[in-house]
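Engineer: Next up is a structure, given as structure tokens.
Coordinate-derived values only; no laboratory data. Since the structure is predicted, the reported quantities are computational estimates derived from the model, not experimental observations. Cβ: placed from backbone, ideal geometry, glycine included. Neighbour counts: every protein chain shown.
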Amino acid sequence: METLILSEQEIINAVCVYIGLKKQVKPEEVEVELMYDDDYGFSAEAYVNDRKQVLIMANLIEAIRLWLGEFLNRDPYAGIKLVLDDEEGIIAHIN
């Protein structure tokens, strides 16, 4: 099976939906910034009603799994690898 690549915007959308469900707000009310640090790896900051929540890589994977199952009708338990691409930013390879 070929590798599916989720763009940075798709990952942001997935996190917005994920946080929206957790905080019981519309995904449009969530702002997300994806980050990468050499020491800590991938993470994100999500803002809802001027409150910040830090998401670790496990949260990002959980959000992508939700996105895969609910919006792309793909296996949510497929292999997910986050990648820092020089041109595309933070993307996800789904196997």
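Engineer: Starting from residues that are surrounded by 15 or more Cβ atoms within 10 Å (Cβ to Cβ) and more than 11 Å from the chain's Cα centre (by Cα), keep the ones in the range 37-54 and report whichever is nearest to residue 84 (Cα to Cα). Show your work before the answer.
Structural biologist: Looking only at the range 37-54, we keep the residues that are surrounded by 15 or more Cβ atoms within 10 Å (Cβ to Cβ), and these are 42-44, 46, 48, 53.
This time we only want the ones that are more than 11 Å from the chain's Cα centre (by Cα), so: 48, 53.
Details: 48: 26, 53: 22 Å.
Result: 53.
Engineer: Considering only residues that are touching a residue at least 40 places away in the same chain (Cβ under 8 Å) and under 11 Å from residue 11 (Cβ atoms), which ones fall in the range 69-93?
Structural biologist: 82, 88, 89, 90, 91, 92 - these are the residues of the range 69-93 that are touching a residue at least 40 places away in the same chain (Cβ under 8 Å) and under 11 Å from residue 11 (Cβ atoms).
Engineer: Right, here's the next one. Hey, can you tell me all the residues within the range 55-73 that are in a loop (DSSP other than H, G, I, E, B) and surrounded by 14 or more Cβ atoms within 10 Å (Cβ to Cβ)? So that I can check it myself, show each step before the final result.
Structural biologist: To start, the set of residues in the range 55-73 that are in a loop (DSSP other than H, G, I, E, B) comprises 72-73.
Answer for the range 55-73, where residues must be in a loop (DSSP other than H, G, I, E, B) and surrounded by 14 or more Cβ atoms within 10 Å (Cβ to Cβ): just 72.
Engineer: Now, a different point. Give the residues of the range 74-95 that are assigned to a strand (DSSP E or B) and among the aromatic types (Phe, Trp, Tyr), sorted by residue number. Write out each step before concluding.
Structural biologist: Taking the range 74-95 first, the residues assigned to a strand (DSSP E or B) are 80-85, 89-94.
Across the range 74-95, there are no qualifying residues.
Engineer: Quick test for you: out of 12, 5, 56, pick the one residue that is among the β-branched types (Val, Ile, Thr), under 21 Å from residue 88 (Cα atoms) and touching a residue at least 40 places away in the same chain (Cβ under 8 Å). Let's see the steps before the verdict.
Structural biologist: Numbers: 12 fails: touching a residue at least 40 places away in the same chain (Cβ under 8 Å); 56 fails: touching a residue at least 40 places away in the same chain (Cβ under 8 Å).
After ruling out the rest, the residue left standing is 5.
Engineer: For the range 1-34, enumerate the residues that are surrounded by fewer than 14 Cβ atoms within 10 Å (Cβ to Cβ) and within 14 Å of residue 83 (Cβ to Cβ).
Structural biologist: Residues satisfying the conditions are 3, 5.
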